[in-house]
Amino acid sequence: MRKILLLCCLLVGLSTAGFSQAKNTSDPDVKAKQLQKQLKLNDGQTKKVAAIYEESAKKYAKIKADEHGDTNKMLTAIKPLRTTTITKIKAVLTPKQSAEYNELLKSKKGEDGNGWGDGWSSTSN
């Protein structure tokens, strides 16, 4: 009986860990795939957007380390990064996709509970 209970606990734990890793919305590839789904990006656009998100994530990590978690300093330093990230992404999009992206940035919540306007890819606070 103990072995069955232990096996069940192990199975639930592994399932939960796998699900939480698959849903990491701060991962550049995951974020690009979500944008691909929302804006119907082609594979080439998705790869370019993933590279933009990857570059931004590295710069964000550097800002976070440099400012030692000081939120006010981080917000000031991140604002130009957000603007640059959005500008680079819009350069990859068609005019129609760019308009839809603007609407996503304005939205408060997406299907996963996070808005595209949240986090380091937004111009809004």
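Points worth noting:
- If you go through segment 48-65 and keep only what is under 12 Å from V92 (Cα atoms), within 14 Å of the chain's Cα centre (by Cα) and surrounded by fewer than 19 Cβ atoms within 10 Å (Cβ to Cβ), you end up with just A51.
- Qualifying residue in segment 22-31 (condition: at pLDDT below 85 and assigned to a helix (DSSP H, G or I)): yes
- Total residues in segment 80-101, condition in a helix (DSSP H, G or I) and without any contact (Cβ under 8 Å) to a residue 40 or more places away in the chain: 13
The values are calculated or read from the model by the stated rules, or taken from the named source; none is laboratory data. The structure displayed is predicted, hence computed values, not measured ones. Glycine also receives a Cβ, built like all others from the backbone with ideal geometry; neighbour counts cover every protein chain displayed.
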